[in-house]
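**Student:** Structure below; questions to follow.
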Amino acid sequence: MSMNTHNSIITRFQQMNDGRGLMGNLFGAICVSCALGLAFMFCRNVIKADMHSLTRFMLILVWLYFLIPWLVLRITNTLQPNNSNNG
């Protein structure tokens, strides 16, 4: 893999992570998972549609979206510092 391709992948992961830390990613994944759970209950109880396999697949994608970029950036030591402490 060329260095340019490596840098573009890291840049894409930095854009996906958007400077969030581990706790931000965990809480984001939990919030989105709760929203998917509510949507699943709505589909099951109101629409009477079985969305079980689709919901599992979407939950896996949500957790991968939130945790894989952070993990890759953590392993490659290219996490961007959090700028929230700038007064």
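**Student:** Relative to the present Cα-Cα distance, how much length would full extension add between Met41 and Tyr65 at 0.36 nm per residue of separation?
**Tutor:** Details: separation 24, 0.36 × 24 = 8.64 nm, distance 2.28 nm.
Answer, rounded to one decimal: 6.4 nm.
**Student:** Could I ask something else about it? Fully extended, how many nm does the chain gain between Gln15 and His52 (0.36 nm per residue separation, minus their Cα-Cα distance)?
**Tutor:** Gain in length upon complete extension: 10.2 nm.
Since every read-out is calculated from the coordinates, none of them should be taken as a lab result. Computed from a predicted model, the values in this text were never measured in an experiment.
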